[in-house]
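Enquirer: Starting off with a structure, shown below.
The values are calculated or read from the model by the stated rules, or taken from the named source; none is laboratory data. Note that the structure is a prediction, hence the values are computed from the model and not measured. As a convention, Cβ positions derive from the backbone with ideal geometry for all residues, glycine included, and neighbour counts pool all protein chains shown.
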Amino acid sequence: MNGPIRRIAAGMFLAMFVLLGGLTWYQVVRADELRDDPRNPRPALAERGKERGLIVTADGTVVARSIIDPTDPRSFVREYPEGETFAHLVGYSSFLVGTNGLERAYASDLRSRRDLTISDIVAAILGRDLRPNSIEITVDPDLQRAAFQALGANRGAVVALDPATGAVLALVSTPSYDPSVLLGDDAAEQWEQLLTTPSQPARDRATQELYAPGSTFKTVVAAAALDTGAAVPGTTFADPAEFQLPGSEATIANANELPCNDGQSATMLQAFVRSCNTIFADLSIQIGAADIGITAEAIGFNRDIGFEWEVPEAVWDTGALANDAAALGQSGIGERDVRVTPLHMAMIAAAVANDGIAVSPHAVGRVFDADGNTVEEIEPAELGRAMTSETADILTQMMERVVTEGTGTGAAVPGVRVAGKTGTATGTGEFSNPWFIGFAPVDNPTIALAVFIEGSEVSGESASGGSFAAPIASELIEVWLAS
Amino acid sequence: MGRNAEAAIIVAASMLAGFGVALVNFAKGGSVDAQVGLTFMVFAVAFGTLHFSMRAFAPRATPLLVPPVVALVALGFFQIYRLEPSRAGLQRWWLLIACAVASLTLALLSRGTTSILRRYRNLMLVVSTALLLLPNLPSDWGFPLRGLEVNGSRLWIVLDLGVTAMQFQPAELAKLGLVIFFAAYLADHQKALREAHRRLGPIRLPEPRQLIPLVLAWGGSIFILVWQRDLGASLLLFAGFVLLLYAATGSAGYLAAGGMMTVSGAAAAAYLFDHVQRRVTAWLEPFQHYADEGYQIAQGLFALGTGSLSGAGPGLGRPDLIPNASTDFIFAAVGEELGFAGTVAVLAVYSLVMAVGFGISFRSRDTFRKLLAAGLTFVLAVQVFLIVGGVLRIVPLTGITLPFMSYGGSALVGNLVLVALLVQISHEEAT
């Protein structure tokens, strides 16, 4: 009788190994996947009440901190003293709706390591510091506040960068929201409310939304023309009132429906300064999709430009445009399927300012520990050369003329040499999206910026880049240079 | 290993319970309080009683069985304390009662031997059947003993004495009575059941008349499934019977027939009954049915995955997010807070208990005692496999609790009496 019992026993021990296999599968092999499943609230709940590190600017302005919970002295609550001004950059760390922004990108530094997990206990025994690290951001708080104020009730974004290092000086998206509403027990309802508000305050228009760049894209086309030698500023083009797109019924006209110059001929410089669509459509077709694509990709299109979090890739579809001259003509003026984020457009202005070299934008300057010692210094990361140094020089002169005598006079700052380019892109419905990109001072640029307005009832129907976005740029350059 | 070493390990395991409670307190920001001392005292008194009963009534019994059981109860208890502090006090009372009943079992059996149980096998059958039927008593009549429906299953009886009401799951004791009956019946009839097979080519088929007990057991299981909606007990009893039948006869044909009956019964049940259907859906697609049927299993898997290798630490995870964590899903709760290290340790301790149980069976010379020891071990092992396998999606969830660890008084009493029976057999068969 022991025989059958022994066989059953063997079967049962085998079954225990099957259980062990199941355990290995779920607790070892698939453990990370299960832990990070968005439906699993445990990781966020574990963070609740824990101390997180500071997020401060270089001059000491606190934008996120943990304070002792007034209702429970053993617990911490997160505080965002600057509220909606820094919302999209700083993000939030909510136990109910997750994390976002720098709170997410730097979560592993900002989180407390006092979890009493075995590895933490070992670390504590070895004398390692378990207090959270803090991060210092490169943003200038005065410029950030000024940008937020300047956008006012508009839907839009402002991104300002240090051209040489890519350091973010301001990054604003409006309308905004106060991240602290996402910290309480009613966070899920608050979040739902943000998502259902028509103006979409939770949307990060600066880094997460792709828009048609409109005429600001002419900087890329002009760079391609100069780099390839297809045109110099003085190269003349025919100057019709309407440009007939080849192989198509459609035409392209200028904003004022008039010829660019005298109806006979106009130079590339004139076309750039006056933002003539007719001539840039013509020029784009002459350069060709592939050569514009080379410059566009050198300046970050169709690839990751590198930032604290993933930014949607800007779109220039060389393949589709190579055999479609009409579409190429429309794309050359930043319409049709060309798409880019305001952050990326600021980086393009910065590349022109930085002698043609594009630098990846970054908002965090350094990580430091609880005693203030630097743990990690964030070095500028070059994206690569976007255009030759010579091209950058010529383009700078052309952009300066835009501000002194062209569509961008609204961006002028008394006593300062400002370079820029306006854009008025097709938006939704009857509204257009005003743009301005530029930098200052021309001889030694310290700020490059992109101002983007998403056309709506607030900006009105007649809003153009020159009338609407350029004055905001002027104001911000003034604030920046005054500080 | 002798009795003194056994006593030392029991004390150490009792300290483990107190230590666990202290760790949970720390995690919640508390400190060492009365709960810690009380838990240690209750464990020491309860298992001390059992230990001294063994010294008195079963001195030659193996000292290997009780210590791992104490460790399991201790691990389970601190998880219960962590999940439902208000129920932990009640569980402590049940532990005292369970150890007292187990000690009483040893005392009573020491007057004769376990052979008494064989003599009263028919009484065991009648009492067990009556116990199984008790929950079907009306829940609204004047008599103080009433049935109770919980979550759609009829497993509970309530003894309402006016001043206080007590709830009990009689199936936990009935399953012991039935294992005793099976072992006795099979010991008496093993010859008849083993011989006279019909041959159909190379396949040996049992005589139709020999299949009668199998069919009766199957009918009983179906009855439990249909009228009490207790999938777990139904499966457990039938599996226990089929395994014992194979153990007694060595005829693999019984295993095959029993296996086919289980599969066909389960398939029919899944097709016919909504409550079985829902469990199958939850088993196969927990994440697709996250909002309803699959929620419990999905949360269990999240708990295990988040626990990962070393666990969140006692009191530092969120096993309270799993519905019924302290009963059906206590294994997942352990997995979240103690990690893979903890769950593997738990499985290792169960394997040790099983090994000791099988060892007692192997060494028994008396057929009845051999079958009884095997049957009791089968019942334990099948329960562990069904519930842990259910949590790990190896089998559908059957609503069985984890022996020694889950919250529940009746199960603790039943399982410690089971341990007492194994202890008594090992004492009687020791040379």
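Enquirer: In this structure, is residue A:344 within 15 Å of residue A:447 (Cα to Cα), buried (at least 24 other Cβ atoms within 10 Å of the Cβ) and not charged (D, E, K, R)?
Expert: Details: within 15 Å of residue A:447 (Cα to Cα): yes; buried (at least 24 other Cβ atoms within 10 Å of the Cβ): yes; not charged (D, E, K, R): yes.
When the stated conditions are applied, residue A:344 passes them.
Enquirer: Scan segment A:250-273 for residues that are closer than 17 Å to residue A:403 by Cβ and out of contact with any Pro (no Cβ under 6 Å at 6 or more places or on another chain) and jot them down.
Expert: Matches in segment A:250-273: A:270, A:271, A:272, A:273.
Enquirer: Are any residues in segment A:308-334 within 20 Å of the chain's Cα centre (by Cα) and assigned to a loop (DSSP other than H, G, I, E, B), and if so, which ones?
Expert: Scanning segment A:308-334 gives A:308, A:309, A:310, A:311, A:312, A:313, A:314, A:316, A:334.
Enquirer: Looking at residue B:19, is it under 23 Å from residue B:418 (Cα atoms) and either away from chain A (no Cβ under 14 Å) or touching a residue at least 40 places away in the same chain (Cβ under 8 Å) (or both)?
Expert: Working: under 23 Å from residue B:418 (Cα atoms): no; either away from chain A (no Cβ under 14 Å) or touching a residue at least 40 places away in the same chain (Cβ under 8 Å) (or both): yes.
So residue B:19 fails the test.
Enquirer: If I filter segment B:361-371 for residues that are among the aliphatic types (A, V, I, L, M), more than 30 Å from residue B:30 (Cβ to Cβ), within 11 Å of another protein chain (Cβ to nearest Cβ) and under 14 Å from the mean Cα position of the chain (by Cα), do I get at least one hit?
Expert: no
Enquirer: Output the number of residues of segment B:320-338 satisfying the condition of being more than 7 Å from chain A (Cβ to nearest Cβ), of a type in the set (Gly, Ala, Ser) and either free of Cβ contacts under 8 Å to residues at least 60 places away in the same chain or not in a helix (DSSP H, G or I) (or both).
Expert: Final tally of qualifying residues: 3.
Enquirer: Could you go through segment A:6-15 and let me know if any residue there is within 14 Å of chain B (Cβ to nearest Cβ), of a type in the set (Gly, Ala, Ser) and farther than 30 Å from residue B:346 by Cα.
Expert: no
Enquirer: Of the residues B:345, B:341, B:355, which is within 12 Å of chain A (Cβ to nearest Cβ) and within 18 Å of the chain's Cα centre (by Cα)?
Expert: Answer to the check: B:355.
Matching residues to (1) part of a helix (DSSP H, G or I); (2) at pLDDT below 95; (3) not acidic (Asp, Glu):
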site	(1), (2), (3)
B:348	yes, no, yes
B:365	no, yes, yes
B:369	yes, yes, yes
B:400	no, yes, yes
B:404	no, no, yes
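Enquirer: Give segment A:274-286 a look and list any residue that's of a type in the set (A, V, I, L, M) and crowded, with 24+ Cβ neighbours inside 10 Å, or say none.
Expert: Correct list: A:279, A:281, A:283.
Enquirer: For residue A:355, all conditions in the list (1) of a type outside the set (Val, Ile, Thr); (2) within 18 Å of residue A:447 (Cα to Cα); (3) in contact (Cβ under 8 Å) with a residue 40 or more places away in the chain hold save one; what is the number of the exception?
Expert: (3)
Enquirer: Considering only segment A:93-130, how many residues are assigned to a helix (DSSP H, G or I) and either farther than 17 Å from residue A:308 by Cα or at pLDDT below 80 (or both)? Show your work before the answer.
Expert: Taking segment A:93-130 and keeping what is assigned to a helix (DSSP H, G or I), we get A:101-105, A:107-110, A:118-125.
Checking which are either farther than 17 Å from residue A:308 by Cα or at pLDDT below 80 (or both) leaves us with A:118-125.
The number of residues fulfilling the criteria is 8.
Enquirer: Could you tell me whether any residue of segment A:282-300 is in contact (Cβ under 8 Å) with a residue 40 or more places away in the chain and under 16 Å from the mean Cα position of the chain (by Cα)?
Expert: yes
Enquirer: Here's something else I'd like to know. Please enumerate the residues belonging to segment A:16-40 that are in a loop (DSSP other than H, G, I, E, B) and within 7 Å of another protein chain (Cβ to nearest Cβ).
Expert: Correct list: A:30, A:37, A:39, A:40.
Enquirer: Scanning for something of a type in the set (Val, Ile, Thr) and at pLDDT 95 or above, does segment B:300-312 turn up at least one residue?
Expert: Checked segment B:300-312: no residue is of a type in the set (Val, Ile, Thr) and at pLDDT 95 or above.
Enquirer: Can you name the condition, by its number, that residue B:411 falls short on among (1) away from chain A (no Cβ under 14 Å); (2) closer than 30 Å to residue B:121 by Cα; (3) not in a helix (DSSP H, G or I)?
Expert: If we test residue B:411 against (1) away from chain A (no Cβ under 14 Å); (2) closer than 30 Å to residue B:121 by Cα; (3) not in a helix (DSSP H, G or I), just (3) comes out false.
Enquirer: Only one of B:105, B:62, B:114 is crowded, with 19+ Cβ neighbours inside 10 Å, polar (S, T, N, Q), within 23 Å of residue B:380 (Cα to Cα) and at pLDDT below 90. Can you tell me which?
Expert: B:114
Enquirer: I want to confirm something. Restricting to segment B:146-164 and keeping residues that are free of Cβ contacts under 8 Å to residues at least 60 places away in the same chain and surrounded by 13 or more Cβ atoms within 10 Å (Cβ to Cβ), which single residue is farthest from residue B:368 (Cα to Cα)?
Expert: So, considering only residues that are free of Cβ contacts under 8 Å to residues at least 60 places away in the same chain and surrounded by 13 or more Cβ atoms within 10 Å (Cβ to Cβ), the one farthest from residue B:368 (Cα to Cα) is B:160.
Enquirer: Moving to a separate point now. In segment A:391-408, is there at least one residue being within 24 Å of the chain's Cα centre (by Cα) and of a type in the set (S, T, N, Q)?
Expert: Yes, because at least one residue in segment A:391-408 is within 24 Å of the chain's Cα centre (by Cα) and of a type in the set (S, T, N, Q).
Enquirer: Taking residue A:60 as the residue in question, decide whether it is out of contact with any Asp or Glu (no Cβ under 6 Å at 6 or more places or on another chain), within 14 Å of another protein chain (Cβ to nearest Cβ) and either among the small types (Gly, Ala, Ser) or part of a helix (DSSP H, G or I) (or both).
Expert: No; evaluated as a whole, the condition is false for this residue.
Enquirer: Continuing with this model, one more query. From the list B:96, B:72, B:90, pick out the single residue that is free of Cβ contacts under 8 Å to residues at least 60 places away in the same chain, out of contact with any Pro (no Cβ under 6 Å at 6 or more places or on another chain), in a helix (DSSP H, G or I) and on the phi < 0 side of the Ramachandran plot.
Expert: The unique qualifying residue is B:96.
Enquirer: Ok, one more. Restricting segment B:379-395 to residues that are more than 7 Å from chain A (Cβ to nearest Cβ) and either touching a strand residue (DSSP E or B) at 6+ places or on another chain (Cβ under 7 Å) or farther than 19 Å from residue B:335 by Cβ (or both), which is surrounded by the most Cβ atoms within 10 Å (Cβ to Cβ)?
Expert: Top of the filtered list is B:379.
Enquirer: Ok, one more. When residue B:295 is evaluated against the numbered criteria (1) under 27 Å from residue A:35 (Cβ atoms); (2) hydroxyl-bearing (Ser, Thr, Tyr); (3) crowded, with 19+ Cβ neighbours inside 10 Å, which criterion, by number, is the only one it fails?
Expert: Failed condition: (3).
Enquirer: In this structure, does residue A:1 turn out to be at pLDDT below 85, out of contact with any strand residue (DSSP E or B) (no Cβ under 9 Å at 6 or more places or on another chain) and within 10 Å of another protein chain (Cβ to nearest Cβ)?
Expert: yes
Enquirer: Could you tell me which of the residues B:380, B:386, B:402 is free of Cβ contacts under 8 Å to residues at least 60 places away in the same chain and under 11 Å from the mean Cα position of the chain (by Cα)?
Expert: Numbers: B:386 fails: free of Cβ contacts under 8 Å to residues at least 60 places away in the same chain; B:402 fails: free of Cβ contacts under 8 Å to residues at least 60 places away in the same chain.
Sole residue among the options that is free of Cβ contacts under 8 Å to residues at least 60 places away in the same chain and under 11 Å from the mean Cα position of the chain (by Cα): B:380.
Enquirer: Could you tell me which numbered condition residue A:217 fails, if it satisfies all but one of (1) closer than 21 Å to residue A:160 by Cβ; (2) not in a helix (DSSP H, G or I)?
Expert: (2) is the only condition that residue A:217 fails.
Enquirer: OK, next. Restricting to segment B:239-296, what's the tally of residues that are more than 14 Å from every other protein chain (Cβ to nearest Cβ) and either in a helix (DSSP H, G or I) or on the phi > 0 side of the Ramachandran plot (or both)?
Expert: So the answer is 24.
Enquirer: Counting only residues that are out of contact with any Phe, Trp or Tyr (no Cβ under 8 Å at 6 or more places or on another chain) and under 19 Å from residue A:216 (Cβ atoms), give me the strands (runs of 3 or more DSSP E) lying completely in segment A:388-483 with at least 3 of them.
Expert: A:432-440
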